[in-house]
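Read the structure below first, then the notes.
Nothing in this text is a laboratory measurement; each read-out follows from the coordinates by a stated rule. Computed from a prediction, not measured in an experiment: that's the story for all the values here. Methodologically, a virtual Cβ is constructed for each residue, glycine included, from the backbone with ideal geometry; neighbour enumeration extends over all protein chains shown.
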Amino acid sequence: MRFSFSPSEKFDNLYFLRLDKRNDELYIYDTQLDSEKLKLIKVNKNETLEEQQKAGRRPRFSMINFIIIPNQLEPIMKVKIREKKVIKLK
């Protein structure tokens, strides 16, 4: 799944939610990125997210491949949807 950010996106902290449909569980990740830090991520071999935004394009990239895996982020919470239960993991 790819995500898109418009040139005017502003936020203090980006959270990523991943749904495991098979097990009806939702995992919540705290990326610890604000909109300024996110702009520094390279979305291809030559450009950062900010460079693509300045060119008037809407950058698209995989949150898992570009943020979660490289930073070895683990979920901070898990929601068991069927049980209506929230489990704090960190």
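What is the local net charge at residue 86, summed over the other residues whose Cβ is closer than 14 Å to its Cβ (Lys, Arg +1; Asp, Glu -1)?
Values: positive: 78, 80, 82, 84, 85, 88, 90; negative: 24, 25, 83.
Surrounding charge for residue 86 is +4.
Let me confirm the definition first: pairs of Lys residues in segment 3-83, 8 or more apart or on different chains, C-alpha distance under 15 Å. How many are there? It would help to have the intermediate numbers written out before the result.
Working: 10/37; 10/39; 10/54; 21/78; 21/80; 39/54; 42/54.
Taking segment 3-83 as the scope, the lysine pair count is 7.
Looking at segment 3-83, what % of the alpha carbon pairs are farther apart than 15 Å? Intermediate results must be reported in sequence, preceding the final value.
Working: 1940 of 3240 pairs.
Percent of Cα pairs beyond 15 Å in segment 3-83: 60.
Label residue 86 and residue 65 with points 7 Å out from Cα along Cα→Cβ: what is the distance between them in nm?
3.2 nm
What order do you get for 88, 37 when you list them from fewest to most C-beta neighbours inside 10 Å? Spell out each step's value before the answer.
Numbers: 88 8, 37 12.
Ordered by Cβ neighbours within 10 Å, fewest first: 88, 37.
Highest GNM mean-square fluctuation, the chain, Cα pairs closer than 10 Å: which of 53, 72, 32?
Top of the fluctuation ranking is 72.
Could you please report the charge total around residue 68, scoring K, R as +1 and D, E as -1 over all other residues with beta-carbon less than 13 angstrom from its beta-carbon?
Details: positive: 18; negative: 30, 74.
That works out to -1.
In the neighborhood of residue 50, defined by Cβ-to-Cβ distances under 15 Å, what is the net charge if each Lys or Arg adds +1 and each Asp or Glu adds -1? Intermediate values should be presented prior to the final figure.
Details: positive: 10, 37, 39, 42, 54, 57, 58, 60; negative: 9, 34, 36, 47, 51.
Neighbour charge sum, excluding residue 50 itself: +3.
Can you tell me the length gained on complete extension of the stretch residue 35 to residue 10, counting 0.36 nm per residue apart and subtracting the Cα distance? Please list the in-between numbers first.
Details: separation 25, 0.36 × 25 = 9.00 nm, distance 0.53 nm.
Length gained, residue 35 through residue 10: 8.5 nm.
Could you compute the FRET efficiency for residue 48 and residue 76, with r as their C-beta to C-beta distance and R0 at 25 Å, rounded to 0.05? Walk me through the numbers on the way to the answer.
Working: r = 26 Å, r/R0 = 1.05.
Computed FRET efficiency for residue 48 and residue 76 comes out at 0.45.
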